[in-house]
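*Asks:* There's a structure below that I have some questions on.
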Amino acid sequence: MNTELSRMDTEQRNPRTMGIDTLPTLEMAALINSEDHRCAEAVKAVLPEIAQAIDIIYAQIQKGGRLFYCGAGTSGRLGVLDAAECPPTYGVDPGLVVALIAGGSTALTTAVEHAEDHPDLGRRDLEEHAFGPGDVLVGIAASGRTPYVIGAMDYARELGAPAIALVCVRDSVLSHHADLTIAPLPGPEVITGSSRMKSGTCQKLVLNMISTSVMIKSGKVYGNLMVDVKATNEKLVHRAISIVRQATGAGEEEARAALEQCDFACKTAIVMILLGLDAPAAQKALSDANGRVALALAHH
């Protein structure tokens, strides 16, 4: 192990788990669980940086920009997972949240050796997606030293786009290539160097927080209901009806009737029912309120 790696929190031996290989199964699971509890506290410690990142990303998206995630291995896969969930959950265009992983789609299921070692590949992948100054990049790397991610971050900053680092070590290399760093520190892993564990959990928690909060701020949520869900199959039709009923107190027939008049757009149906409007008037009220149900209701 080189000296740089040996100094990293993620590469230290965890004194609490040195005997894990000799434990009965239940105690083994309990020990992993006790270490996992450290993840939420690690994320709590960096909430101000997370909030700052959310505001930066939201501002770029409001101006027509896109959110890009970039990572290798587990970090890259977590970015892909978060991006993939945004369109079905919040009804956004699939091109709004873009995830790049070193080695491309093959790397989702198979380790692609050395793909993460080339900074030029990070730059190239952004270029291929026409990344520009109006977009925003979140570079994800538990160790904070992945060349692929560093190359992408440098390219983003050259263009004048915000570059945000998500790492799990102190004073990482990546932080020196970023405008803002989010660094939850869960400490040494249960299995030395296995950063898919606590580091991966921290990254998942932060990515959930970022994308969910950006979608809330973008008007994709009313109360805590996902009111921009697309009713693309029978299950989602029933979910749309349920959402409208929960938001308005309407019966099933009234909710379905409203949805049928507006192509199953939950937000429009909610405003129709609560304000007694027809579909075009409800759509205009929402448009005037920048797509936010609460604002549309408050203005009437």
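*Asks:* Can you confirm whether Met209 is of a type outside the set (Gly, Ala, Ser) and within 30 Å of Ile57 (Cα to Cα)?
*Replies:* So Met209 passes the test.
*Asks:* Here's a follow-up. Of all residues in the range 40-54 being over 17 Å from the mean Cα position of the chain (by Cα) and touching a residue at least 60 places away in the same chain (Cβ under 8 Å), which is least open to solvent (accessible area, probe 1.4 Å)? Quick ask: steps written out before the conclusion?
*Replies:* As a first pass, look at the range 40-54 and keep what is over 17 Å from the mean Cα position of the chain (by Cα): 41-42, 45.
From what is left, the residues that are touching a residue at least 60 places away in the same chain (Cβ under 8 Å) are 42, 45.
Values: Ala42: 9, Ala45: 77 Å².
Top of the filtered list is Ala42.
*Asks:* Looking for something at pLDDT 95 or above, of a type in the set (Gly, Ala, Ser) and surrounded by 13 or more Cβ atoms within 10 Å (Cβ to Cβ) - is there at least one such residue anywhere in the range 25-39?
*Replies:* So far as the range 25-39 goes, no, none of its residues is at pLDDT 95 or above, of a type in the set (Gly, Ala, Ser) and surrounded by 13 or more Cβ atoms within 10 Å (Cβ to Cβ).
*Asks:* Here's a follow-up. Restricting to the range 145-165, name every residue that is in contact (Cβ under 8 Å) with a residue 40 or more places away in the chain and not aliphatic (A, V, I, L, M).
*Replies:* If the condition is that a residue be in contact (Cβ under 8 Å) with a residue 40 or more places away in the chain and not aliphatic (A, V, I, L, M), then Arg145, Thr146, Tyr148, Pro162 are the ones that fit.
*Asks:* Within the range 178-194, identify whether any single residue is closer than 19 Å to Gly73 by Cα, out of contact with any strand residue (DSSP E or B) (no Cβ under 7 Å at 6 or more places or on another chain) and among the acidic types (Asp, Glu), and answer yes or no.
*Replies:* Yes, the range 178-194 contains a residue that is closer than 19 Å to Gly73 by Cα, out of contact with any strand residue (DSSP E or B) (no Cβ under 7 Å at 6 or more places or on another chain) and among the acidic types (Asp, Glu).
Residue by residue, here is whether (1) in a helix (DSSP H, G or I); (2) under 28 Å from the mean Cα position of the chain (by Cα); (3) touching a residue at least 60 places away in the same chain (Cβ under 8 Å); (4) buried (at least 17 other Cβ atoms within 10 Å of the Cβ) holds:
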site: Ile243; (1), (2), (3), (4): yes, yes, no, yes
site: Gln246; (1), (2), (3), (4): yes, yes, no, no
site: Arg256; (1), (2), (3), (4): yes, no, no, yes
site: Met272; (1), (2), (3), (4): yes, no, no, yes
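*Asks:* Working only within the range 278-294, note down all residues that are open to solvent by 40 Å² or more (accessible area, probe 1.4 Å) and touching a residue at least 12 places away in the same chain (Cβ under 8 Å).
*Replies:* Asp278, Gln283, Asn290, Arg292, Ala294
*Asks:* Same structure, new question: With (1) outside any helix (DSSP H, G or I); (2) within 20 Å of Cys86 (Cα to Cα); (3) touching a helix residue (DSSP H, G or I) at 6+ places or on another chain (Cβ under 7 Å) as the list, and Asn290 as the residue in question, which single condition is left unmet?
*Replies:* That leaves (3) as the condition not met.
*Asks:* If we scan the range 262-269, do we find a residue that is outside any helix (DSSP H, G or I), closer than 22 Å to Gln62 by Cα and either open to solvent by less than 80 Å² (accessible area, probe 1.4 Å) or touching a Phe, Trp or Tyr at 6+ places or on another chain (Cβ under 6 Å) (or both)?
*Replies:* yes
*Asks:* Every residue in the range 96-111 that is among the aliphatic types (A, V, I, L, M) and either touching a His at 6+ places or on another chain (Cβ under 9 Å) or modelled with pLDDT under 85 (or both), please.
*Replies:* Correct list: Val98, Leu100, Ala102, Ala107, Leu108, Ala111.
*Asks:* A further question follows. If you scan the range 221-279, which residues turn out to be charged (D, E, K, R) and in contact with a helix residue (DSSP H, G or I) (Cβ under 8 Å, 6 or more places away or on another chain)?
*Replies:* The answer is Asp228, Lys230, Arg245, Glu252, Glu254, Arg256, Lys267, Asp278.
*Asks:* Hey, could you check the range 58-78 for residues that are under 11 Å from Leu137 (Cα atoms) and in contact with a helix residue (DSSP H, G or I) (Cβ under 9 Å, 6 or more places away or on another chain) and say which is most open to solvent (accessible area, probe 1.4 Å)? Working first, answer last.
*Replies:* We begin by selecting, within the range 58-78, every residue under 11 Å from Leu137 (Cα atoms); these are 60, 65-71.
From what's left, in contact with a helix residue (DSSP H, G or I) (Cβ under 9 Å, 6 or more places away or on another chain): 65-71.
Details: Gly65: 5, Arg66: 59, Leu67: 4, Phe68: 0, Tyr69: 2, Cys70: 1, Gly71: 0 Å².
Only one residue tops the list, namely Arg66.
*Asks:* Would you mind stating whether His114 is surrounded by fewer than 21 Cβ atoms within 10 Å (Cβ to Cβ) and at pLDDT 85 or above?
*Replies:* no
*Asks:* Tally the residues that are among the hydroxyl-bearing types (Ser, Thr, Tyr) and over 16 Å from Ser199 (Cα atoms), restricting the search to the range 69-98. Write out each step before concluding.
*Replies:* Just the residues of the range 69-98 that are among the hydroxyl-bearing types (Ser, Thr, Tyr), to begin with: 69, 74-75, 89-90.
So of that shortlist, the ones also over 16 Å from Ser199 (Cα atoms) come out as 69, 89-90.
Of the residues in the range 69-98, 3 are among the hydroxyl-bearing types (Ser, Thr, Tyr) and over 16 Å from Ser199 (Cα atoms).
The values are calculated or read from the model by the stated rules, or taken from the named source; none is laboratory data. Just so it is clear, the structure is predicted and the values come from calculations on it, not from any experiment. Every residue, glycine among them, receives a Cβ derived from its backbone with ideal geometry; neighbour counts consider all protein chains shown. Side chains included, ligands, DNA and RNA excluded: accessible areas come from the protein's heavy atoms. Shrake-Rupley method; radii C 1.70, N 1.55, O 1.52, S 1.80 Å.
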